[in-house]
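The values are calculated or read from the model by the stated rules, or taken from the named source; none is laboratory data. Just so it is clear, the model here is predicted, and its values are computed rather than measured. Note: ideal-geometry Cβ built from the backbone for every residue, glycine included; neighbour counts use all protein chains shown.
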C-alpha cells in the first residue's frame, strides 16, 4: 500500500532568504502516530504548515492516497481530510464551547445559529472520541486541557482524517497530558492518523509509533520509536552530544532577599488573579512556581517586576519595597527579569542585537560618555556576550528579529544575567526553544543560583520546574495550594493534584516552609 501522505523534495525559502525546508521527503502511514522532533528553526512546523495549507512550498510535491494535491489554504487541506491543532488556541473567549466548535461552519436555524444543534453535535463528537467538554461552558472560564479538546473537536467536526498536533502538551498538567494521550489513542482506534510535533523526548517514546528528526531544514532520519533512545534523538537534533540530566550542586541557601506578603491583584475585568500570596525567596536557591497557565503566575511575575500594580500586599527586596515601583526602579533594586513573552516585553525587534543587550544600561558608564553612547563599547560588549552565551549570529549589528526563537531567548538571558542581579525572575525561560538552547539556559540558571543569586522560576513545563528547583510552590486560581521544601522528593503526579486544586495544604502546613 502507498503511504497515506507523501511529501517529495519540499523546499520552502522565505522572502528574507531563510531556507526553512531544504529538499524534504516525508511519508505518513495510515493509522500511525508519527512524531516530528527537531530544534527550534529546524523546519518541522513549517513542513506541517505546508501539509495543512497555511504555508505554500517554494517547490516540491504532496500526494494524498497517491494523488497529487495542491493546498492554497487550510480550507483546501481540510477538504482533503487534513487538520491542525495549533499551540495557540484559536477561540473566542466569550463564546461557549459548542459555539467555538462549530465556529465558521455553524448549523443554522433560518438566519440564526441553531444553538441546540451545536450543543448536540459537540456532545456527540465528545462522546465518540472520549474528549469531554461541557458544551454550554463559556470558553474563558474553563481550564487549558478542556480548551485544547475544543480545538480537537473543531477539526473533527469538519471530518478530518489526519490530525497534526503542534506542541500539544506545552501547557498541560501530567493528568491533562494523560487524558490527551488517551484521546489520541481513541482517535487512532477510530481510524485517524496523527502527526505529533513536540520538544519532549519522553513523550515521543510514550505516544508515537515512528519518529522523524529534523535539523537545519532537512530530515536527519526516520525510525521506529521502539528503536530510538532519548539520548540518540537529542544527538540527531543538535548534531552533538546533549546532556539531558541537569547537574545541580548542593544548595547553599543564603539570606532572605525577597519577602512577598499578602499580595493580591485584580484584573481590569474585576477578576481576582492573585489572592493573599505570601512567600520568601533566599539567595542561592531556585524557587519554582508550578501551575496550569492562567492561575495567576503571569500576574505574580508582572507585579513583582513593576509591570502591574497590586490591589494590596507588598513585596520587599532587602528592605526596599518594590510593589508599585516602575520596572526601572525594580531593576535598580537588583531584580532581573526574563519575561514570559520575549517578543512583547523582552526585545526591541527592529533594534540590533548589540542594542538589545544594553537596553537596560545604555544611560550608564561605560556605555554612555557625556551626552553620547560609545558605539565601540557597545560593539565590544555585544561581541563578548554573543560569544559567552553562544548566540548564533554573524555579528551584533543585525536586527534581533533576524534570529531564531532560541537565539532571541539567549539575547534576553545574556542581558539579564550580565546585569549581575541579586534576584532573577525567570518566566517560561525555555518555552518554544530547541533542545540545545534549553540545555544551555537551564545550565545558566543553575550557575546563577550556585553563584549566590536568588532565582524565582515560573514555568508551565513541570519537568523543568522539578529538575531545576530546590523548593516548589504550586498555584491554583491565584492562591498557593502547596509548598514542597525538597523538590527532589515530590512526584510529578502529586504536584499535578495541587496544580489542579484537587489537593491543598493547610495554612499551618505551608507557613513553616514558605
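Total residues in the stretch 100-120 satisfying the condition of being under 19 Å from residue 132 (Cβ atoms) and touching a helix residue (DSSP H, G or I) at 6+ places or on another chain (Cβ under 6 Å): the figure is 5. The strands (runs of 3 or more DSSP E) falling completely within the stretch 419-479 that include 2 or more residues that are in contact (Cβ under 8 Å) with a residue 60 or more places away in the chain, over 17 Å from the mean Cα position of the chain (by Cα) and surrounded by fewer than 22 Cβ atoms within 10 Å (Cβ to Cβ) map to 471-476.
The set of residues in the stretch 326-348 being on the phi < 0 side of the Ramachandran plot, surrounded by 15 or more Cβ atoms within 10 Å (Cβ to Cβ) and touching a strand residue (DSSP E or B) at 6+ places or on another chain (Cβ under 9 Å) consists of 327, 330, 331, 333, 335, 336, 337, 338, 339, 340, 345, 346.
Yes/no per residue for (1) touching a helix residue (DSSP H, G or I) at 6+ places or on another chain (Cβ under 9 Å); (2) assigned by TED's automatic domain parsing to the domain that holds residue 175; (3) at pLDDT 85 or above; (4) more than 22 Å from residue 305 (Cβ to Cβ):
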position	(1), (2), (3), (4)
444	yes, no, yes, no
450	no, no, yes, yes
465	yes, no, yes, no
469	yes, no, yes, no
473	yes, no, yes, no
484	yes, no, yes, yes
501	no, no, yes, yes
514	no, no, no, no
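Of the residues making up the stretch 276-307, those that are surrounded by fewer than 19 Cβ atoms within 10 Å (Cβ to Cβ) and farther than 19 Å from residue 465 by Cα number 3. Screening residue 57 with (1) out of contact with any strand residue (DSSP E or B) (no Cβ under 8 Å at 6 or more places or on another chain); (2) touching a residue at least 40 places away in the same chain (Cβ under 8 Å); (3) closer than 30 Å to residue 393 by Cα gives one miss only, at (1).
For the stretch 7-21, give me each residue that is surrounded by fewer than 18 Cβ atoms within 10 Å (Cβ to Cβ) and either at positive phi or not in a loop (DSSP other than H, G, I, E, B) (or both). Walk me through it before giving the result.
First, pick out the residues of the stretch 7-21 that are surrounded by fewer than 18 Cβ atoms within 10 Å (Cβ to Cβ): 8-9, 11, 13-19.
Scanning the stretch 7-21 gives 8, 9, 11, 13, 17, 19.
Taken residue by residue, the stretch 452-463 has no member that is in contact with a strand residue (DSSP E or B) (Cβ under 8 Å, 6 or more places away or on another chain) and over 30 Å from residue 505 (Cα atoms). When 398, 385 are checked against the criterion of being within 29 Å of residue 20 (Cα to Cα), surrounded by 15 or more Cβ atoms within 10 Å (Cβ to Cβ) and under 29 Å from the mean Cα position of the chain (by Cα), a single residue qualifies: 385. If you go through the stretch 174-191 and keep only what is within 16 Å of residue 30 (Cβ to Cβ) and either touching a residue at least 60 places away in the same chain (Cβ under 8 Å) or under 19 Å from the mean Cα position of the chain (by Cα) (or both), you end up with 184, 188, 190, 191. In the stretch 308-321, of all residues being buried (at least 18 other Cβ atoms within 10 Å of the Cβ) and more than 28 Å from the chain's Cα centre (by Cα), the one that is nearest to residue 494 (Cα to Cα) corresponds to 313. Quick one: is residue 120 at pLDDT below 90, surrounded by fewer than 22 Cβ atoms within 10 Å (Cβ to Cβ) and either more than 29 Å from the chain's Cα centre (by Cα) or farther than 18 Å from residue 175 by Cα (or both)? For residue 120, the condition - at pLDDT below 90, surrounded by fewer than 22 Cβ atoms within 10 Å (Cβ to Cβ) and either more than 29 Å from the chain's Cα centre (by Cα) or farther than 18 Å from residue 175 by Cα (or both) - is not met. Can you find a residue that is part of a loop (DSSP other than H, G, I, E, B), surrounded by 15 or more Cβ atoms within 10 Å (Cβ to Cβ), at pLDDT below 95 and within 24 Å of the chain's Cα centre (by Cα) anywhere in the stretch 22-39? There is at least one residue in the stretch 22-39 that is part of a loop (DSSP other than H, G, I, E, B), surrounded by 15 or more Cβ atoms within 10 Å (Cβ to Cβ), at pLDDT below 95 and within 24 Å of the chain's Cα centre (by Cα). Could you run through the stretch 124-173 and say how many residues are closer than 15 Å to residue 203 by Cα and touching a residue at least 40 places away in the same chain (Cβ under 8 Å)? Residues in the stretch 124-173 being closer than 15 Å to residue 203 by Cα and touching a residue at least 40 places away in the same chain (Cβ under 8 Å): 8 in total. The residue that is nearest to the chain's Cα centre (by Cα), among those in the stretch 67-89 that are part of a loop (DSSP other than H, G, I, E, B) and surrounded by 13 or more Cβ atoms within 10 Å (Cβ to Cβ), is 87. Checked against (1) more than 30 Å from residue 13 (Cα to Cα); (2) in a loop (DSSP other than H, G, I, E, B), residue 199 passes all but condition (1).
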